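This report refers to the structure that appears directly beneath it.
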Amino acid sequence: MIANDMEVLSLYSAKVKRYTRLSKEQEFELFTIWNDTKDPKVREKIIHANLLYAVTLAWKFRNYSGISIMDLVSEGNLGLLVAFDKFELRRGIRFITYARHWALAYMTRYIAQCRIGGRGCVNTKYFYNAVRHTGTAEDLAEKSGMGVGTARQLLGTISDDISIDACIELKVMQDFDASLVAAKRSDVLSKAVKETLTEKEEYILAQRFMLDKPRTQASIGRELKCCRENVRQLEVRAKDKLKQALDGTCALELL
């Protein structure tokens with residue numbers, strides 16, 4: 001961590017702690033208003049309520065030497081903004097549960113870019129290909145579409161530090177890939193739910209699998225005024241529909 005970051009982080013954390021955290025009900029109400037009005041003040045309130053989470057997530061990377069934790073916080077905040085634009089209330093989950101994937105993806109990508117070559121001076125795709133490459137610079141250039149000179153520079157930089165940093169970078173890239181894939185899978189699943197299930201089937205799956213404390217089939221049955229067995233059958237049918245809709249997609253294993 002860069003030394004001056006601690007003071008800045010302390011001031012920033014004190015500021016974002018003043019923003020009101022939202023309950024599940026308040027968050028639901030604000031997203032409902034946003035969907036109806038697109039009021040920027042509503043968007044701002046939701047983002048502000050979750051800024052402290054980016055600080056908490058960035059703190060986990062504090063031991064990465066030479067990495068500015070405030071830059072990581074900024075990257076995490078960008079992830080929150082991307083997640084907000086993609087989030088759908090119909091998911092039945094809290095916003096931060098979804099946004100975490102995007103915040104983590106932006107942070108780990110930043111670390112990967114900084115650790116070798118410096119942020120912004122190396123195309124992310126080129127960087128990933130170089131770390132994973134085992135052949136010559138010419139082979140890397142041909143496979144990745146970069147110039148031979150760029151390939152040689154990347155491979156030379158990596159080989160100077162490969163014993164320790166390669167392991168770190170690969171772990172960072174795996175985290176990035178996993179987070180981004182999880183977010184994309186969630187998008188695919190959400191689209192399938194919207195296009196495939198009835199309103200009741202969607203509600204049952206949300207209550208059964210997307211709450212912090214999942215409800216029982218019996219309690220859902222009492223609410224919907226039907227028996228537990230009927231809820232179970234609707235749940236099974238909804239899962240079967242989704243499996244068919246998601247067959248061959250990256251989101252199938254989420255079921």
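Where a number appears in this text, it was derived from the coordinates with a stated rule and is not lab data. Here the structure is a predicted model, which is why all the values come from computation and not from measurement.
Some notes on this structure:
- Take the convex hull of the alpha carbons in the stretch 1-116; its mean projected area over all directions comes to 7.1 nm².
- Given their separation in residues at 0.36 nm each and the Cα-Cα distance between them, GLU199 and ASN35 gain 57.2 nm when the chain is fully extended.
- When the listed pairs LYS45/LYS86; LYS86/LYS213; LYS191/LYS243; LYS24/LYS191 are checked against a 19 Å cut-off, the alpha-carbon distance exceeds it for LYS86/LYS213; LYS24/LYS191.
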